[in-house]
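*Asks:* Quick one: this structure, given as C-alpha cells, is what I'll be asking you about.
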Amino acid sequence: MSLPLEGVRVLDLSNVLAGPFCGYSLARLGAEVIKIERPDGGDLSRHLGADPEMAKALSGLSFVAVNAGKQSVTLDLKSQEGREALLKFVAQSDVVLESFRPGVMDRLGLGYETLRKHNPAIIYCAVSGFGQTGPWMSRPAYDQIVQGLSGAMSVTGDADSAPLRTGFPISDTIGGLTAAFAISAALVDQKRNGTGRFIDVSMLESTLATMGWVVSNHLNAGVTPRPMGNENFTAAPSGTFNASDAPLNISANEQKQFVVLCEKIGRPDLLQDTRFATRQERKNNRAALTAHINAALAGKTAREWESELNAGGVPCGCVLSVPEILCEDQIRGRNFVEALASTNSSGDPLLVTRPGFVMDEPFTKPSAPPKLGEHTARWLTQLGYTDEQIARLGAPQNADGTPAA
C-alpha cells in the first residue's frame with residue numbers, strides 16, 4: 001500500500017500558517033511538497049517561536065510545527081530568472097499553493113492563466129483572508145482580524161469577557177484545512193480527467209462555514225448569537241461545572257443522560273422539579289440548574305466525577321492544559337506526537353504532531369523541516385541550470401543579507 005497522495009507534487013509558495021498547514025497536511029498524506037521561499041530570510045515563521053536560538057538559525061518552532069516533511073527551494077520571484085525557473089517547476093508539478101494578497105501573482109506574471117499555459121492540468125489554490133473578489137479582497141488579513149470579522153470573537157467568552165479570540169489561530173488553521181480538502185478533491189478530478197482547476201480559499205468564509213449551527217440559527221430563525229462562555233447553547237445541563245478541585249465539562253444533552261446525572265450526583269429530586277422537566281425548560285432555567293449541580297459536585301474531585309459519570313454514560317471530561325493532554329495515554333498510545341531526526345537548541349529531538357486521523361497504513365515519519373534553500377541546487381540542477389546560474393538564482397540569505405548557513 002502507499003499513502004493516498006504519493007506521486008503528487010505540490011509547489012508551496014505560501015507563508016506563515018494557513019497555506020503551510022495545508023501543505024503539511026498534504027505532505028503527511030504522501031505528497032512531495034516543495035516549499036518555494038524568498039532567498040532573503042524565507043518564510044516569516046522561520047523567525048518565530050519560543051526558542052530564540054532556533055529562530056535565529058531560521059528554524060523557528062512556528063516553522064517546525066507545519067513544515068516537516070517538505071523540501072525548500074529559494075527563488076527570487078521578482079527577478080525574470082526566478083519566474084522562469086518557477087514556470088519550469090510548474091510544468092512538472094500537480095499543485096501550486098500560494099497565500100499572497102489577491103493580484104500579487106498576476107502582477108508577477110505568475111497568475112493562474114499564465115501557469116495553466118505551461119501546465120493545463122495544474123491545480124492552483126490561492127489562500128487569502130477574504131477571497132480573490134469582493135470589496136475586501138485587497139485588505140491585509142491576519143488570523144486575529146478574520147476572527148473578529150467572522151463573528152467568531154463575538155460568540156467567544158461570556159457577557160463580561162466577549163469579544164474574545166480563541167487561544168490559538170483558529171481561522172488560519174481552518175483556512176489551511178479547507179485548502180487541503182479542496183485540493184484533495186480537485187486531485188481526484190485531475191487524475192481522472194486531466195482537469196486543472198482554480199481554487200479560491202477565503203479564511204473568512206472558511207471560518208464562517210465551520211460556525212454552521214450559530215449561522216443557521218440566525219439565517220433561518222432570526223436569532224442573534226450571543227456569547228455564553230462555557231455553556232452549550234443547544235442544551236442544559238451542558239457546559240463547565242465546578243468539582244471540588246477543578247472545573248469539569250458535562251454534557252447531559254439527552255433526557256436519559258440527565259436522569260443518570262441526577263442519580264449519580266445524589267439529586268434525583270431534580271427530576272421532579274417542573275423547571276427541569278424538559279430540554280427547553282432546563283435551558284430556560286439554566287442558572288438555577290447549574291447552581292444545584294455545582295453544589296452536588298463539590299463532594300468529589302473532577303477526576304472522580306469524570307470516571308463515575310462516563311461509566312454511567314454521561315459525557316464528561318476534565319478541563320486539561322496542553323501539557324496535561326499531551327501526557328495522557330490516549331494521546332501517547334496512538335503516537336500522535338512524533339520525534340524528528342533533528343534537535344532543538346538544547347539538543348532534544350524536535351517533536352511534531354501527525355494529522356488528527358489514522359488510516360490502515362501508518363503515516364510515514366516526516367523528514368526534518370528543511371533548512372532555507374536546502375534543496376535548491378538539487379532541483380535547479382534537475383531543471384537544467386548550471387552551478388553559476390543556481391548561485392545567482394537561489395542562494396539563500398539571512399534577513400540581513402548575509403549567506404544563510
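*Asks:* Give me the residue from the stretch 218-249 that is of a type in the set (D, E, K, R) and within 28 Å of the chain's Cα centre (by Cα) and, out of that set, farthest from Arg279 (Cα to Cα).
*Replies:* Restricting attention to the stretch 218-249, the residues satisfying the condition of being of a type in the set (D, E, K, R) are 226, 231, 245.
Within this subset, residues satisfying the condition of being within 28 Å of the chain's Cα centre (by Cα) are 226, 231.
Values: Arg226: 20, Glu231: 14 Å.
Filtering first and then ranking leaves Arg226.
*Asks:* Given (1) closer than 26 Å to Pro20 by Cα; (2) in contact with a Ser or Thr (Cβ under 8 Å, 6 or more places away or on another chain); (3) not β-branched (Val, Ile, Thr), identify the lone condition not met by Gly212.
*Replies:* With respect to (1) closer than 26 Å to Pro20 by Cα; (2) in contact with a Ser or Thr (Cβ under 8 Å, 6 or more places away or on another chain); (3) not β-branched (Val, Ile, Thr), Gly212 is out only on (2).
*Asks:* Something else about it: What's the number of the condition Arg286 fails, among (1) farther than 18 Å from Glu231 by Cα; (2) surrounded by 16 or more Cβ atoms within 10 Å (Cβ to Cβ)?
*Replies:* Every listed condition holds for Arg286 apart from (1).
*Asks:* Moving on to the next point. Do you know which residues across the stretch 268-321 are in contact with a helix residue (DSSP H, G or I) (Cβ under 9 Å, 6 or more places away or on another chain), of a type in the set (Val, Ile, Thr) and in a loop (DSSP other than H, G, I, E, B)?
*Replies:* Within the stretch 268-321, Thr278, Val314, Val319 meet the criteria.
*Asks:* In the stretch 73-192, which helices (runs of 4 or more DSSP H) lie fully inside it and hold 1 or more residues that are under 23 Å from the mean Cα position of the chain (by Cα) and either free of Cβ contacts under 8 Å to residues at least 40 places away in the same chain or within 30 Å of Pro227 (Cα to Cα) (or both)?
*Replies:* 143-150
*Asks:* Hey, another quick one. Being closer than 15 Å to Gly317 by Cα, surrounded by 14 or more Cβ atoms within 10 Å (Cβ to Cβ) and at pLDDT 95 or above: is that true of Leu271 here?
*Replies:* Values: closer than 15 Å to Gly317 by Cα: no; surrounded by 14 or more Cβ atoms within 10 Å (Cβ to Cβ): yes; at pLDDT 95 or above: yes.
Spelling it out, it is not the case that Leu271 is closer than 15 Å to Gly317 by Cα, surrounded by 14 or more Cβ atoms within 10 Å (Cβ to Cβ) and at pLDDT 95 or above.
*Asks:* Can you give me the number of residues within the stretch 215-246 that are surrounded by 17 or more Cβ atoms within 10 Å (Cβ to Cβ) and hydrophobic (A, V, I, L, M, F, W, C)?
*Replies:* Filtering the stretch 215-246 down to residues surrounded by 17 or more Cβ atoms within 10 Å (Cβ to Cβ) leaves 227, 231-233, 235-239, 241, 243.
Still in the running and hydrophobic (A, V, I, L, M, F, W, C): 233, 235-236, 241, 243.
So the count comes out to 5.
*Asks:* Please find, within the stretch 340-359, the residue that is surrounded by the most Cβ atoms within 10 Å (Cβ to Cβ) out of those that are under 20 Å from the mean Cα position of the chain (by Cα) and in a loop (DSSP other than H, G, I, E, B).
*Replies:* Once the filter is applied, the top-ranked residue is Arg354.
*Asks:* Next question. Hey, does the stretch 134-142 have a residue that's surrounded by 15 or more Cβ atoms within 10 Å (Cβ to Cβ), touching a Leu at 6+ places or on another chain (Cβ under 7 Å) and closer than 24 Å to Pro20 by Cβ?
*Replies:* No.
*Asks:* May I pose another question? Is it true that Ala27 is surrounded by 19 or more Cβ atoms within 10 Å (Cβ to Cβ), in a helix (DSSP H, G or I), in contact (Cβ under 8 Å) with a residue 40 or more places away in the chain and in contact with a Leu (Cβ under 9 Å, 6 or more places away or on another chain)? Lay out the reasoning, then the answer.
*Replies:* Numbers: surrounded by 19 or more Cβ atoms within 10 Å (Cβ to Cβ): yes; in a helix (DSSP H, G or I): yes; in contact (Cβ under 8 Å) with a residue 40 or more places away in the chain: yes; in contact with a Leu (Cβ under 9 Å, 6 or more places away or on another chain): yes.
Yes, satisfied.
Here's the yes/no breakdown for (1) under 21 Å from Arg28 (Cα atoms); (2) buried (at least 17 other Cβ atoms within 10 Å of the Cβ); (3) under 32 Å from the mean Cα position of the chain (by Cα); (4) among the aromatic types (Phe, Trp, Tyr):
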| position | (1), (2), (3), (4) |
| --- | --- |
| Glu361 | yes, no, yes, no |
| Thr364 | yes, no, yes, no |
| Ser367 | yes, no, yes, no |
| Pro370 | yes, yes, yes, no |
| Thr381 | no, no, no, no |
| Thr386 | no, no, no, no |
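*Asks:* When you check Phe258 against the structure, is it in a helix (DSSP H, G or I), aromatic (Phe, Trp, Tyr) and either under 22 Å from Asn310 (Cα atoms) or at pLDDT below 95 (or both), yes or no? Even if it seems obvious, please write down each step before you answer.
*Replies:* On the way: in a helix (DSSP H, G or I): yes; aromatic (Phe, Trp, Tyr): yes; either under 22 Å from Asn310 (Cα atoms) or at pLDDT below 95 (or both): yes.
Answer is yes for this residue.
*Asks:* Quick one: which of Ala55, Ala50 is without any contact (Cβ under 8 Å) to a residue 12 or more places away in the chain and in a loop (DSSP other than H, G, I, E, B)?
*Replies:* Working: Ala55 fails: in a loop (DSSP other than H, G, I, E, B).
None of the others qualify; the one that does is Ala50.
*Asks:* Further, regarding this structure: Return the residues of the stretch 108-133 that are closer than 18 Å to Ser206 by Cα and crowded, with 18+ Cβ neighbours inside 10 Å; say none if nothing qualifies. Please lay out each step first, then the result.
*Replies:* Step one: list which residues in the stretch 108-133 are closer than 18 Å to Ser206 by Cα, which gives 124-133.
The answer is Tyr124, Cys125, Ala126, Val127, Ser128, Gly129, Phe130, Gly131.
Table: residues versus (1) touching a Leu at 6+ places or on another chain (Cβ under 8 Å); (2) polar (S, T, N, Q).
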| position | (1), (2) |
| --- | --- |
| Ser184 | yes, yes |
| Ala221 | no, no |
| Thr234 | no, yes |
| Asn242 | yes, yes |
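*Asks:* Any idea how many residues of the stretch 225-244 are modelled with pLDDT of 95 or more and either of a type in the set (Val, Ile, Thr) or farther than 24 Å from Gly313 by Cβ (or both)?
*Replies:* Final tally of qualifying residues: 1.
*Asks:* Which residue is nearest to Glu304 (Cα to Cα), if the candidates are limited to the stretch 219-247 and must be among the polar types (S, T, N, Q) and assigned to a loop (DSSP other than H, G, I, E, B)? If you could, list the steps in order and put the result at the bottom.
*Replies:* From the stretch 219-247, those among the polar types (S, T, N, Q) are 220, 224, 230, 232, 234, 238, 240, 242, 244; that's our starting set.
Within this subset, residues satisfying the condition of being assigned to a loop (DSSP other than H, G, I, E, B) are 224, 230, 232, 234, 244.
Numbers: Thr224: 38, Asn230: 21, Asn232: 23, Thr234: 26, Ser244: 10 Å.
Filtering the stretch 219-247 for residues that are among the polar types (S, T, N, Q) and assigned to a loop (DSSP other than H, G, I, E, B), the one nearest to Glu304 (Cα to Cα) comes out as Ser244.
The values are calculated or read from the model by the stated rules, or taken from the named source; none is laboratory data. Quick caveat: nothing in here was measured; it's all calculated off a predicted structure. Heads up, the Cβs are rebuilt from the backbone with ideal geometry, glycines too, and the neighbour counts pull from every protein chain shown.
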